[in-house]
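**Student:** Have a look at the structure that comes next, please.
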Amino acid sequence: MTVYYTLTFMLLASEMATFCVLVAPLPYAVRKRLFRFLSESPVVAKFAYGLKIAFIFVAVLFIDALQRMWRVTAEADIAKNNGGAIHDARAETSFAARKFYAQRNTYLTGFCLFLSLVLTRTFYILLDLIHSQEEYAKLKQDTAKTSRDQISSSEQGKQIAELKKKLGEAEAKARDYDILKKQAQQNQAEYDRLATEYNAKTGAVSDKRKD
C-alpha cells in the first residue's frame, strides 16, 4: 500500500473512532462541554479546515481508483470476449492483483468520503439536539418562574379580597353604629319631648286645682 492510501486508511480509522465517541452514551454535561469545545475552539476550526483539504485529495484518489477499477474490468471483459485465456500464471496473478488493488483502493477512499459525510451530519444533529435541550431547560425555568409569580399574584389577590371584605364589614358595622346612634338620638329627643309635654300638662293641671 502506498503512502497516500496508508494515510487514507489512518484517516478512515480516525473517523470511525470519532464516530464511536460521538454516539457513545456520555453524560449530558460531558457531551455539552465536548460539543461546545468542538464547535467553538479555533484550534478545532483550523484542524477541520485542514481535513477539508485532505478530503479533497481523498476525492481525487477515489476518482483515480474508480477509473483504474473500470479499466481493469474493461480489460477483463475484452480478454473474455476475444476468447483468449490467460495461461501464464504470472500474468494471471498480476491481473488479479491489479483488480484487487483497484477495488481495495476504491472501497477505501469511497468509505472514507462516505463516513466523513455521515460524521459531519451526525455532529450537527447532536449539536442541534444539545441546543434544543438547553432551550427546553431555559423554557422550563421561565415557566417555573412565571408559575411562581402567578402564585404570588393569586396570593396577593386573595389578601386584597380579604382586606376588602374586612373593610366592607367594618363599613357595615360603622353604618349600623350610625343608625343605632341616630335611633338613640331620636329616642332621646322623643323622650325629652314627651317629658316636656308631660311636665307641661302636669303643671297646668296643678295650677287649675290651685285656682
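The values are calculated or read from the model by the stated rules, or taken from the named source; none is laboratory data. None of these values were measured; they are calculated from a predicted model. For neighbour counting, all protein chains shown are included, and Cβ atoms are generated from backbone atoms with ideal geometry for every residue, glycine included.
**Student:** Of the residues A96, A89, A85, only one is surrounded by 10 or more Cβ atoms within 10 Å (Cβ to Cβ), modelled with pLDDT under 85 and of a type in the set (A, V, I, L, M, F, W, C); which?
**Tutor:** A96
**Student:** Hey, does region 23-43 have a residue that's more than 21 Å from R98 (Cβ to Cβ), among the polar types (S, T, N, Q), at pLDDT below 85 and part of a helix (DSSP H, G or I)?
**Tutor:** Yes, region 23-43 contains at least one residue that is more than 21 Å from R98 (Cβ to Cβ), among the polar types (S, T, N, Q), at pLDDT below 85 and part of a helix (DSSP H, G or I).
**Student:** While we're here: Pick from A65, A79, A74: which is modelled with pLDDT of 85 or more, among the small types (G, A, S) and in a helix (DSSP H, G or I)? Full working, then the answer.
**Tutor:** Numbers: A79 fails: modelled with pLDDT of 85 or more; A74 fails: modelled with pLDDT of 85 or more.
Only one candidate qualifies: A65.
**Student:** When you scan region 102-112, do you find a residue that is under 30 Å from Y5 (Cα atoms) and among the charged types (D, E, K, R), even just one?
**Tutor:** If we filter region 102-112 for residues that are under 30 Å from Y5 (Cα atoms), which is where we start, we get 102-112.
Filter once more, keeping what is among the charged types (D, E, K, R): 104.
Yes, region 102-112 contains a residue that is under 30 Å from Y5 (Cα atoms) and among the charged types (D, E, K, R).
**Student:** Which of the residues spanning region 29-55 are surrounded by fewer than 10 Cβ atoms within 10 Å (Cβ to Cβ) and under 22 Å from the mean Cα position of the chain (by Cα)?
**Tutor:** A29, E40
**Student:** Just checking, how many residues over region 56-76 are surrounded by 15 or more Cβ atoms within 10 Å (Cβ to Cβ) and of a type in the set (A, V, I, L, M, F, W, C)?
**Tutor:** Going through region 56-76 one residue at a time, the tally reaches 9.
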